[in-house]
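To start, the structure itself, in structure tokens.
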């Protein structure tokens, strides 16, 4: 199918504040968001039609980014101290034909208020003549970290996705470069590189049909940037192959236009738009999801919304708990060597908070890790705190003992404690991110006595039983946690 | 010297890179012929059947150089074998490398190059290190494009500019130059020293003269030169004739009158190439406000029976036959109706070229000598802009000639429905648009193209013809059977001309709707009057969209019936039919339904497969129906075995 009339997302009013953990908060209405770019501590993404979104913290997004030229599906990449923009100047059959043009331009800033904010004249780097099997829109940018060469794929369902090379110094097409077909049946393609593989991501399905849009993002990979890009069953993307990265789910549908952002070693997110957010009148919204890597394939992680969890260290599998007395559950013992087969089976209730809370101290209680025994002092409720802001991909959370307001907090000595009542203090707020291997890392928003927002110290197993705060290191299981619903 | 050369080459490569988005490597030229840099003072020579161009190389005034003056720091050489595609061979001599020259003189004015005894002698003026004025140096090479080895000293006894060397039939070489009038002298056998004294050329008219170019034709010696004929005027190109190489001369008149835009200089050469004489000259097309940045042009030149030269009117079109499949800069037209104007596309980056404006209905321009022999299954692309909706036609021969394509130029689109998205309602008046159309008519051989304005004013930048990609080939009635390809794909199909369907955009085809539609259409199939086509696809898939484009009445919203006959040498059991289709499709083997692909479908290899069946020995009939809304319809079909491997041991009739 081809692109259909869209652009209802192009709205300049703010929705009312949404307190539940939505896709992103604010007014994140966009179609074909560019890979998220950072400039002077703010995040930017640009969409079809012109303009784009800005976020101070990566979680709350609003309109205000500026891009001239209109057209479809831009991408932005920082090269040196400048940002290279690439976009399709046309509408992919919407304006009538398939005469597409891909243009590039530079800017020293993304902030429209900056004195450095000025676009260079846009220059054409690729085109389609309206008859050939290609429609030159929807470009992306990949600066190959192994060679320093700059690549672009572009195209839609009207024919093939094509690969060209640009000059990273000028943003112009490399002289003599001949375009090459690398996939069919895609639009809004993106190229990424990881660990010896080039990945071509494409959007399959139909866009712009609201809650009935079937858009989904698939991927193929190759050892060479020029392909062939094969999927997990060996099917070439030139034959329509592709492995699913993200499809509908969680009250949103129609993900399209992939972008990868590396936050830290082992911490990545993908950006996309969802054609329809079922909780926002079916509008097209920005989506940011953890990006997982499974056996060398990218997959979207789940949006972390909180809930009741056992927090299990990946060091040994011990569980984060309050350092309180272990309270035995009273039980009529049925030893395996003298069971009375005539007695009916009974169900033993879980230990309840009320059974044990009186044994806990009133003040601060320190935390430790130990064998998970399904006990109240090991059960944590993780709840978003919307008024506390967020980070790229999520809001800050409080982590409290289930059924209480007792909250996990960082101390000025880079240790942990559980304060009796959650007060909203920044050391009681937690940034929770799913890692590329599917586990999680947890960072306090702030550390008492230290300025600014903490982006370095994570919950860490100093020993099997001893949690602490240590600088992030993806290479050790000490820094990783499993959040298990109990 | 080497280091400098490398640096300069890098700059040159950068320059090429910068313009690669706009121009091809080999510049396809109308006038001016070099369209990515300035070129002036052209000397054209034919070496080994190829034409070589040695111009000077204007650049913007460098820091420290004389303001508002000529500025030249190096020489490039260009070559061509058709006078339209010019290859830039890059820098051959740099001012910093001239042993006797000022490294920052920026005075590398008009050069020349001749061949003698298999060696190439390059002559150029330059400011000497230790003196005023100009001297003339020599560099030698084994090939016309170098590398050139510079002589340590300039030619003794020569003070001036604009060297020209003429070698007579007896092998004696003469050097002409401009310095206190036009002068000439014999050159020694070594080509690097004067033989005796130089002398002023006699018999020439009063007035400023420079840039001598001497040649011989039919026993006549010619001396041609830029000449200011009127007090306070600008340069013409003029000539004189003689019976001997150093005169005395008889003045004959003007070859080209003064440039009508006031460009002060002109400088030239004449050359015979493939039986035709050409005049190379320069004009400041790419620098209209500064006549010291110039560009080389070519026009044909003719001689009368008595050896006199016919005056040349400069044209925009220039010379050479241009393939229709290269970019035709029709703003460089051969002739036009009154009122047609040309202007730069970008007054700052002037190398973005020109466009022509046809001011009203009936205006036209002709672009001559376009070779259509390369256009077989063509379409045409034009770059145009207009302020109002208008139309233009591309015709053959003249303003009333046969229409090749007629374009509607819609810059203010009617709102198709209320609330249509703003970006696609936008006013495109005054913006450059690239429009594409299939050809109504394809000229044969070499033709003159005419662009006619059919409504309101319109501007045109270029025209380009291309051939469609081939997707399939019609199969003759008695053709041999086809084989599945190496992946088992069936490429030979009988296709019924597309049947129009009323399908809304972006439909997810439902099973029940498809079943009813396919059943209804199947019932009607035997009564369908449409024509069947037997085609062999060039690809593993059959591009039904392109089939509809060629044989149908509409591109989108079609149902396609496909049939093929599978001849098996024996029963093949446990076979599945594997199909990808855009969009939904249904498939029957020997009349039995075997597969339905529903929903929002695109053509993906092995998207859906049938249950197992047996392909029977002998003929099996495979029939499919593919239905599609707004997409690029196609399908790929093969049989696979139990393990998913393609089945290939059959023939396709």
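Tabulated results
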item	result
Residue within the stretch A:257-264 that is buried (at least 24 other Cβ atoms within 10 Å of the Cβ), closer than 30 Å to residue A:369 by Cβ and either within 13 Å of the chain's Cα centre (by Cα) or in the same structural domain as residue A:391 (by TED's automatic domain parsing) (or both) present	no
Those residues of the stretch A:75-85 which are under 12 Å from residue A:107 (Cβ atoms) and touching a strand residue (DSSP E or B) at 6+ places or on another chain (Cβ under 7 Å), in sequence order	A:76, A:77, A:78, A:79, A:82, A:83, A:84, A:85
Extreme residue, nearest to the other protein chains (Cβ to nearest Cβ), among residues of the stretch B:591-608 that are in a strand (DSSP E or B) and touching a strand residue (DSSP E or B) at 6+ places or on another chain (Cβ under 7 Å)	B:599
Subset of the stretch A:34-66 that is buried (at least 23 other Cβ atoms within 10 Å of the Cβ) and farther than 29 Å from residue A:396 by Cβ - its residue that is farthest from the other protein chains (Cβ to nearest Cβ)	A:48
Positions within the stretch A:221-236 being crowded, with 17+ Cβ neighbours inside 10 Å, within 12 Å of chain B (Cβ to nearest Cβ) and within 20 Å of residue A:300 (Cα to Cα), in sequence order	A:230, A:231
Tally of residues being outside any strand (DSSP E or B) and in contact with a strand residue (DSSP E or B) (Cβ under 6 Å, 6 or more places away or on another chain) across the stretch B:111-136	3
Residue count, the stretch B:277-298 (criterion: at pLDDT 95 or above and more than 22 Å from residue B:76 (Cβ to Cβ))	1
Options B:246, B:223; residue that is more than 35 Å from the chain's Cα centre (by Cα) and without any contact (Cβ under 8 Å) to a residue 60 or more places away in the chain	B:223
Residue match in the stretch A:169-189 (condition: part of a helix (DSSP H, G or I), within 12 Å of chain B (Cβ to nearest Cβ), over 25 Å from the mean Cα position of the chain (by Cα) and touching a residue at least 60 places away in the same chain (Cβ under 8 Å))	no
So residue A:272, is it part of a strand (DSSP E or B), in contact (Cβ under 8 Å) with a residue 24 or more places away in the chain and crowded, with 21+ Cβ neighbours inside 10 Å	yes
Residue tally, condition within 14 Å of chain A (Cβ to nearest Cβ), at pLDDT 85 or above and either part of a strand (DSSP E or B) or farther than 21 Å from residue B:367 by Cα (or both), over the stretch B:396-451	13
Some residue of the stretch A:47-60 being in the same structural domain as residue A:165 (by TED's automatic domain parsing), under 30 Å from residue B:555 (Cβ atoms), in a strand (DSSP E or B) and touching a residue at least 12 places away in the same chain (Cβ under 8 Å)	no
Test: residue in the stretch A:386-406 that is touching a strand residue (DSSP E or B) at 6+ places or on another chain (Cβ under 6 Å) and farther than 30 Å from residue A:268 by Cβ	yes
Among (1) in contact with a strand residue (DSSP E or B) (Cβ under 9 Å, 6 or more places away or on another chain); (2) away from chain B (no Cβ under 12 Å); (3) closer than 18 Å to residue A:78 by Cβ, the one test that residue A:148 misses	(1)
Test: residue in the stretch B:144-157 that is surrounded by fewer than 16 Cβ atoms within 10 Å (Cβ to Cβ), in a strand (DSSP E or B) and within 38 Å of the chain's Cα centre (by Cα)	yes
Members of the stretch B:292-311 found to be in contact (Cβ under 8 Å) with a residue 60 or more places away in the chain and in a loop (DSSP other than H, G, I, E, B), listed by number	B:292, B:293, B:294, B:307, B:308
All positions within the stretch A:111-134 that are farther than 30 Å from residue A:184 by Cα and more than 9 Å from chain B (Cβ to nearest Cβ)	A:111, A:112, A:113, A:114, A:115, A:116, A:117, A:118, A:119, A:120
Residue list for the stretch B:610-645, restricted to those being within 14 Å of chain A (Cβ to nearest Cβ), crowded, with 16+ Cβ neighbours inside 10 Å and either out of contact with any helix residue (DSSP H, G or I) (no Cβ under 9 Å at 6 or more places or on another chain) or over 22 Å from residue B:593 (Cβ atoms) (or both)	B:629, B:630, B:631, B:632, B:637, B:638, B:640
Residue that is nearest to the other protein chains (Cβ to nearest Cβ), among those in the stretch B:463-488 that are buried (at least 21 other Cβ atoms within 10 Å of the Cβ) and outside any loop (DSSP other than H, G, I, E, B)	B:465
Any hit, the stretch A:185-193, residues being over 18 Å from residue A:72 (Cα atoms) and at pLDDT 95 or above	yes
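This table checks each residue for (1) within 14 Å of chain A (Cβ to nearest Cβ); (2) more than 14 Å from residue B:653 (Cα to Cα); (3) modelled with pLDDT under 95.
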residue: B:493; (1), (2), (3): no, no, no
residue: B:508; (1), (2), (3): yes, yes, yes
residue: B:520; (1), (2), (3): no, yes, yes
residue: B:566; (1), (2), (3): no, no, no
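The values are calculated or read from the model by the stated rules, or taken from the named source; none is laboratory data. All values derive from a computational prediction rather than experimental measurement. Every residue, glycine as well, gets a Cβ built from its backbone with ideal geometry; the counts of neighbours run over all protein chains shown.
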